Structures are given as C-alpha cells and as structure tokens.
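In what follows, a single structure is set out as structure tokens and then discussed.
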Amino acid sequence: MKIAVTYENGQIFQHFGHTEQFKIYTVADGKVVSSEIVDTNGSGHGALAGFLAAQNVYALICGGIGGGAQMALASAGIQLYGGVIGSCDEAVNDLLSNKLNFNPEVKCDHRDHEHGEEGHNCGSHGCESHNCGNHSCGN
C-alpha cells in the first residue's frame, strides 16, 4: 500500500494543487518500509490525482484541497485525509495507528493569495463553489 503526502521541507504542504513534491510511503503490515520524494513536474490540480493514481497511491494526506480535486481523487479511488498540518512522517505514523487528526470537510483555503495564473485571486468567491476555468482551483 502507498500513502502520499504533499511535501515541503519535511512538512505537509498546505495547498494540494500547488504542491511541487509528494513524499510517497510504501507500507506493509501496518509499517512504513520505504519512502521517496517525487516531483510533480508542475502538474496542476486535476492532473495531480492522475499522477497519484499512476503511482498506485491508496491514500493522500494534505492540507487544503478544493472540491474538484477531491472529486478527482475519489474517482481515482484514493482516500483523502485533508486539513492536516505538521510533519509528513508523523502524519503517516498517526494514520497507521488510527490517531490522525484530519478534517473530512476540508476545502481549499487560499483566500488571500494570488494563484499566479492570470493574476486570479480566489478571495472574492471561494474556490469550493466557483469554476476557475483554465487555471483551475480544484473544480
């Protein structure tokens, strides 16, 4: 079984669609047997679900994530544990011991930052209910 975590300097990166790396853990018999850091190669929100599916990932631990990305993960059969902060390694160990503190109702939470694509700012509409077109907020 493989578990992926949005990754930045050992911590859980807080915006799924902008993560540049995942730390992917291989788990056997309830224990981590190996891990590796993989680059997303600039994939955006929608492509990341396919990227994880191609890596045979069973579950994803992340911070904020939009509704469209959540649906893409669900379609790929990947279990989501969102709204998590802190160390990647600790989060995976907590998940394996059924102690992970996550938010099943997590939404993308990047209201006061610019996306960078077309200067779009999600602060005025909230990504969970808006189709952000070509630069996708996860919908």
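The values are calculated or read from the model by the stated rules, or taken from the named source; none is laboratory data. Predicted, not measured: the structure shown is a model, and the values here were computed from it. Neighbour counts are summed over all protein chains in view; Cβ atoms, including those assigned to glycine, are modelled from backbone coordinates with ideal geometry.
Points to keep in mind about this one:
- Odd one out for residue 68 among (1) part of a loop (DSSP other than H, G, I, E, B); (2) touching a Gly at 6+ places or on another chain (Cβ under 8 Å): (1)
- Cross-chain or 6+ apart pairs with Cβ under 7 Å, region 96-116 first and closer than 19 Å to residue 19 by Cα, then at pLDDT below 50 and small (Gly, Ala, Ser): 108/138; 111/123; 112/123
- Region 9-36 - residue that is charged (D, E, K, R) and surrounded by fewer than 17 Cβ atoms within 10 Å (Cβ to Cβ) and, of those, nearest to residue 88 (Cα to Cα): 36
- Residue within region 108-129 that is under 23 Å from residue 3 (Cα atoms) and either in contact with a strand residue (DSSP E or B) (Cβ under 8 Å, 6 or more places away or on another chain) or modelled with pLDDT of 50 or more (or both) present: yes
- Residue match in region 45-52 (condition: outside any helix (DSSP H, G or I) and of a type outside the set (D, E, K, R)): no
- Within region 54-67, considering residues that are under 12 Å from the mean Cα position of the chain (by Cα) and over 16 Å from residue 88 (Cβ atoms), the one surrounded by the fewest Cβ atoms within 10 Å (Cβ to Cβ): 67
- Hey, residue 13 closer than 25 Å to residue 107 by Cβ, modelled with pLDDT of 95 or more and in contact with a Ser or Thr (Cβ under 8 Å, 6 or more places away or on another chain) or not: yes
- Residue count for region 73-90, restricted to those that are surrounded by fewer than 13 Cβ atoms within 10 Å (Cβ to Cβ) and among the acidic types (Asp, Glu): 0
- For region 16-30, a residue qualifies if it is modelled with pLDDT of 95 or more and in contact with a helix residue (DSSP H, G or I) (Cβ under 9 Å, 6 or more places away or on another chain), and the qualifying residues are 22, 23, 24, 25, 27.
- Residues of region 91-108 classified as surrounded by fewer than 18 Cβ atoms within 10 Å (Cβ to Cβ) and out of contact with any helix residue (DSSP H, G or I) (no Cβ under 6 Å at 6 or more places or on another chain), total: 10
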